[in-house]
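For reference, the structure is listed below as structure tokens.
The values are calculated or read from the model by the stated rules, or taken from the named source; none is laboratory data. Remember, predicted model here, so these are calculated numbers, not experimental data. Because the Cβ atoms are built from the backbone with ideal geometry, glycine has one as well, and the counts that use them run over all protein chains shown. The protein model used for the area step is the full one, side chains on, heavy atoms only, and it has no ligands, DNA or RNA in it. Shrake-Rupley method; radii C 1.70, N 1.55, O 1.52, S 1.80 Å.
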Amino acid sequence: MLRIGNHLSSSGGYEAMGKTARNLGANTFAFFTRNPRGGKAKAIEEEDVKKFLTLAANEDVAPLVAHAPYTLNPCSADEGLREFARNTFADDLKRMEYTPGNYYNFHPGSHVKQGVDQGIAYITEMLNQVLRPEQTTTVLLETMAGKGSEVGRNFEELRRILDGVKLQEKMGVCLDTCHVWDGGYDIVNDLDGVLEEFDRIIGLERLRAIHLNDSMNGLGSHKDRHAKIGEGQIGLEALVRVVNHPKLRHLPFILETPNDDEGYAREIELMRENYQEST
Ligand code: FE
Ligand code: FE
Ligand code: ZN
């Protein structure tokens, strides 16, 4: 069965997200752990989490693919911002343990003129400070479009981050279809080749989630503008091949397309219609 969902607002709490997901036809979902542009997190209500866990178990909603706020930049040149990133990350990992065994996805960061080597050094430094042997959450590095000075613009940069992390078993990767396309990986004409490259450099066993997005821009454009499924330059056919690919079809797919709830419900339905149940 296809695991698909979208990005939900976390303002109503966990149970509300679970209900919304089911109403949209989703069986997995993403959410920001706190305001995507700010820093403050809502207090977790244990009763709400308990209700959510029951709903998730009964209705088979899993996994959660939480997303760190955009303001988190572990490789900022500013020590205060790196400290904010570290504290936020550590706090988010604590919060994630209320819903054990899920995913926490983050953008590696932007090195802003310091160079990619310094960027990677700061990112691995933070990960080594915040990851805990006892955590049940897997942290996902997101593949980036390479806009500006984003780190993680290719598979090699993600490999270098992973290589610097001591608790590597806590780490995975989330592949964003818009980002890799914008980064120059031709998932339209050579999906097999891109996945072979991913496997050779990172290892497909590290791939834990897919952000399923179309792109407003062309291959290698480094722009990062998401489009609705079938309305961008990747196109419906290529995205249908992504969800059906034997190496990917078991993964959770998260839509981050510019839609309202109705649009998401339609895209979820569209992808389900185009998913070949294995016999
Ligand atoms: Fe993201
Ligand atoms: Fe994404
Ligand atoms: Zn994006």
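Can you tell which of ASN27, ASN58 is more than 16 Å from ligand 3 (Cβ to nearest atom), over 30 Å from GLN118 (Cβ atoms) and open to solvent by 50 Å² or more (accessible area, probe 1.4 Å)? Of the residues listed, the single one that is more than 16 Å from ligand 3 (Cβ to nearest atom), over 30 Å from GLN118 (Cβ atoms) and open to solvent by 50 Å² or more (accessible area, probe 1.4 Å) is ASN58. Restricting ASN213, ASN259, ASN217, ASN189 to those that are within 22 Å of ALA62 (Cβ to Cβ) and either open to solvent by less than 70 Å² (accessible area, probe 1.4 Å) or not aromatic (Phe, Trp, Tyr) (or both) reduces the list to ASN213. Every test in (1) open to solvent by 10 Å² or more (accessible area, probe 1.4 Å); (2) outside any helix (DSSP H, G or I); (3) in contact (Cβ under 8 Å) with a residue 60 or more places away in the chain is passed by TYR104 save one, and that test is (1).
You will find that of LEU93, LEU127, LEU140, the residue that is away from ligand 2 (no atom under 16 Å from the Cβ) and in contact with a Phe, Trp or Tyr (Cβ under 7 Å, 6 or more places away or on another chain) is LEU93 and no other.
Rundown of residues vs (1) touching a His at 6+ places or on another chain (Cβ under 7 Å); (2) assigned to a strand (DSSP E or B); (3) more than 14 Å from MET96 (Cα to Cα), yes/no style:
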{"position": "ALA21", "(1), (2), (3)": "no, no, yes"}
{"position": "LYS40", "(1), (2), (3)": "no, no, yes"}
{"position": "PHE52", "(1), (2), (3)": "no, no, no"}
{"position": "VAL61", "(1), (2), (3)": "no, no, yes"}
{"position": "VAL65", "(1), (2), (3)": "no, yes, no"}
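All of HIS222, HIS250 fail the test of being assigned to a loop (DSSP other than H, G, I, E, B), under 17 Å from the mean Cα position of the chain (by Cα) and either within 16 Å of ligand 2 (Cβ to nearest atom) or surrounded by fewer than 17 Cβ atoms within 10 Å (Cβ to Cβ) (or both), apart from HIS250. The condition of being more than 23 Å from ASN259 (Cα to Cα) and open to solvent by 20 Å² or more (accessible area, probe 1.4 Å) holds for only one of GLY203, GLY184, that being GLY184. Among the residues that make up the range 159-168, is at least one of them in contact (Cβ under 8 Å) with a residue 12 or more places away in the chain and within 16 Å of ligand 2 (Cβ to nearest atom)? Checking the range 159-168: not a single residue is in contact (Cβ under 8 Å) with a residue 12 or more places away in the chain and within 16 Å of ligand 2 (Cβ to nearest atom).
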